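The values are calculated or read from the model by the stated rules, or taken from the named source; none is laboratory data. Since the structure is predicted, the reported quantities are computational estimates derived from the model, not experimental observations. All Cβ positions, glycine included, derive from the backbone under ideal geometry; neighbour counts span all protein chains shown.
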Amino acid sequence: MSLVPSGLARAAVRFKPAAFVGTFVALTMASLIVTACGILLETGLRASVPPVRYANAPVVAADDQKAHFVTGSGEDREDESTPVPDRARIDASLVAKAAAVPGARTAVADVTFPVTHGGKELTAHGWGSTAFTGEKLSAGRAPAAGDVVLAGAAGARVGEHVKLTTAAGPRDFRVSGIAGGAVPTAWFTDTEAVRISGHPGRVDAIAVLPKDGVGTPELKSQVAKALGDGADVHTGDARGAVEDPGLAEAKDMLAGIGGSFGGIATAVAVFTAAGTVALSVGQRAREFALLRAIGTTPRQIRRTIATESLLVAPLAGVLGCLPGIALARWWFGQLKDKGAVPEAVDLSVSWIPLLVAAGTAVLSALLAGYMAARRPSRIKPGQALSEASVEPLPVGWIRTPLGVAATVGGVILARVAATTTGEDAANAALGVVMLFMLAVALLGPLVARGCAALFGLPLRGAGASASLAAANSRSNSRRLASAITPIVLAMAFASTLVFMHTSEDRVAADQQRDGITADHVVTSRTGFDAPTVRGAASGGGAAVGVLKTSVLLPVGSGGDRWLESASTQGVAGTAADLAKVQDLKTETGELALGKGKVALDANLAHSAKVGTGDRVEIRLPDGTKVRPTVVATYERGLGLAQVTLSADTLKEHVTSAFVTEVWTKGASAAALKRLTSHGTLLDRDDYTTAQSDDRELNAWANTTMAAVLGGFAAVAAANTLVMTVLDRRRELGTLRLIGTTRRQVLRMVRWEALLVTGAGVVIGTAIALATLVPMMKGLTGQGPYIPPLLYGAFAGSAVVLGLVATAVPARAALRSRS
């Protein structure tokens, strides 16, 4: 056989393919993870929706749909942007400026808002928008003041009067015309539409139509110059984002999954794949020792291992891209089905994430192979064979100090997380799991030796097979570490992601159960007007209307602050009535409603660094800045709402100013009957269940991420266990030659599998608890909730995986020796 390194590598792969199967599987899985997360990240960066409403309006001006929070100054200045919860609007006075530019034929103030007619919701606009949407009258004429044009309203006739409920209250309008189309729609004059929309003086967007011969780029430039900083000007597909403000949030979510989670998942995948490559090289230490003994140079050894990586990694990387694309498509489809991504958004699949995935597999294999080749290539030829027969001491002068540093860092960060609250605790706790996982990976052999000594103690008295399993584990700590690490990964990450949700869900359910003191809650998709809410309190009962939305608050500490979305309820009614239907469990201050007042969840207030009597900066749903005074803090924000304001503070800053819930206590039967004619009547238990359904998306997201990362780690663990057992065929055959029965050998392998999986489960659980305890203390004020059956399923799956992944190859190895 030629000693040319490339020839050695080709021969090794050709004649001993089993030694490279595990490496191939690990690199393929790593490529799969990188591909899926990369595709979602690219989709988040490139996502767009084609314009529909604005398809015939070449230039559209609208407000920035993100709230900006600036920290620092000079070179340290940072501008953090967060999508606003609702739609940001622009000043209606800009319409005249846009219409006055030389290239504009007209500029139309576009507004979209809901009105109700006979309990049914209609979408309302100004009639001027038909200049670019193209609707035509089928009867009658365009609206004048006090008129409305209807479409899709069964039974409406020109000349009759209809009662429409708007944000300003119920009002009669004369039907001046009927337009075609089946979608229930109402058109008012442009001036009246702006006035009754619920946010007077503000418009959703300005559609600018060009004069003949004026190009879109020229018109855009003119409008942008005229409006200045008052609005952003859009053309092309960017107009679609104006129609659907939810696109910005979807883009951030996709980028977060592909970037933040993808970064963690990729790091874990690469590290695990690299460990498998190193294990494969280490298992052939005898071969490399023989090569060194017959005169092969260190450079030839390194080139051989590099060539082996290049023969295996590219194919593994390419093959991993195919299931990676399938995983990304499934993940993206699920997000669409759950309403988290607009239907018009398409998945972006380009060569970039595929090339990155394949390149990551190749670079991981090369780097891991180089690191693993350092010792066999540098050892002296005379010592090569003697050292190859004995596992070296598990002490690395680079890995060990780094592992100790990661352990110390994890302990310090866990202490920081335990002494803070809110998002600070959550962010610190996420660092805890990463540092401890890094420590386990770096200190793997030392951890494995400690586990073998600790868990091996009870095995010594459990018979010859168990005692032999304990001895094997102590003397082969590197092999044991390679098997324990992926099991720890699977347990730690899956437990952290899943039990974080179960803990929050449990606390939220408890807070709802204790905090809802109303007899009934009536919900309506179209909403309730003010007279209906006031009428619910007739007969001596208490009733409040609740408008559900979100606001943004700056949280964090020092220079690390950002805008955090917080669930919000706008209350139509008095604080006394609110106290009768909700027990928020006030901690400080006294609950009050009104202009310039706000009550906050205590954990949120702590994260925002404010207390009772302080002013807090809040971005309302449309991004408007306000600085109300904190009049109270309370404990049950997670289950009810983290922010409580008066509905009057919110109604001009949301698309629909109608309250969607009415909470009652002691209401008369007649009042309840009037309410149920507009919505659905729920008792306390029904409402709690409905609110739990709203958290499905977060639960699904956590479970999916746990399944992706835990599934990868589980496959890596099984792959590693199979590799280690197959590498021991000579050892198992020797045991059979000296008289050990087949049953005794298999029993020994099972005991070793139990030791490995038991150690992995215990360490992974400890890391998850070190992460979850401070995190949940900070977020909820309580410890984590770990459902026993769910935890048992995780632990049991790890044990079954270990037993199967060792028993099958062990039986095959013994069969080949028989």
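Some observations on this one:
- Within region 313-339, if we keep just the residues that are small (Gly, Ala, Ser) and surrounded by fewer than 17 Cβ atoms within 10 Å (Cβ to Cβ), the residue that is nearest to THR35 (Cα to Cα) turns out to be ALA326.
- In region 23-64, the residues that are among the charged types (D, E, K, R) and in a helix (DSSP H, G or I): GLU42, ARG46
- Within region 228-249, the set of residues being hydrophobic (A, V, I, L, M, F, W, C) and crowded, with 23+ Cβ neighbours inside 10 Å comprises ALA231, VAL242.
- Qualifying helices (runs of 4 or more DSSP H) (wholly inside region 514-632; at least 1 residues being β-branched (Val, Ile, Thr)): 530-536, 575-581
- All of (1) at pLDDT 85 or above; (2) surrounded by fewer than 18 Cβ atoms within 10 Å (Cβ to Cβ) hold for ALA471 with one exception: (1).
- Tally, over region 213-247, of residues that are farther than 22 Å from VAL654 by Cα and of a type in the set (D, E, K, R): 5
- Screening ALA182 with (1) over 46 Å from the mean Cα position of the chain (by Cα); (2) more than 26 Å from ILE90 (Cα to Cα); (3) surrounded by fewer than 14 Cβ atoms within 10 Å (Cβ to Cβ) gives one miss only, at (1).
- Inspection of region 714-721 identifies no residue that is part of a helix (DSSP H, G or I), surrounded by fewer than 19 Cβ atoms within 10 Å (Cβ to Cβ) and either at pLDDT 75 or above or at positive phi (or both).
- Filtered by the rule that a residue be within 14 Å of ALA193 (Cα to Cα) and in contact with a helix residue (DSSP H, G or I) (Cβ under 9 Å, 6 or more places away or on another chain), region 128-143 gives GLY128, SER129, ALA142, PRO143.
- Test for SER557: is it farther than 30 Å from GLY679 by Cα and either assigned by TED's automatic domain parsing to the domain that holds GLY792 or surrounded by 24 or more Cβ atoms within 10 Å (Cβ to Cβ) (or both): no
- The one condition in (1) closer than 22 Å to ALA55 by Cα; (2) assigned to a helix (DSSP H, G or I); (3) of a type in the set (A, V, I, L, M) that ALA226 fails to fulfil: (1)
- Options THR629, THR649: the member that is more than 28 Å from GLU121 (Cβ to Cβ), at pLDDT 90 or above and out of contact with any Leu (no Cβ under 6 Å at 6 or more places or on another chain): THR629
- Subset of region 157-182 (residues that are more than 20 Å from THR526 (Cα to Cα) and either of a type in the set (D, E, K, R) or part of a strand (DSSP E or B) (or both)): ARG157, GLU160, HIS161, ARG174, VAL175, SER176, GLY177, ILE178, ALA179
- Taken over region 763-782, the criterion of being surrounded by fewer than 17 Cβ atoms within 10 Å (Cβ to Cβ) and modelled with pLDDT of 85 or more is satisfied by ALA766 alone.
- Residue in region 410-429 that is modelled with pLDDT of 80 or more and either surrounded by fewer than 17 Cβ atoms within 10 Å (Cβ to Cβ) or within 30 Å of LEU45 (Cα to Cα) (or both) present: yes
- Applying the criterion of being of a type in the set (A, V, I, L, M) and within 24 Å of VAL507 (Cβ to Cβ) to the residues of region 619-654, the residue that is nearest to the chain's Cα centre (by Cα) is LEU638.
- Of all residue pairs spaced 6 or more apart or on separate chains, those with beta-carbon atoms under 6 Å, a first member in region 786-798 that is within 11 Å of GLY764 (Cβ to Cβ) and a second member that is of a type in the set (Val, Ile, Thr) and outside any loop (DSSP other than H, G, I, E, B) are ALA795/VAL761; ALA798/ILE487; ALA798/THR757; ALA798/VAL761.
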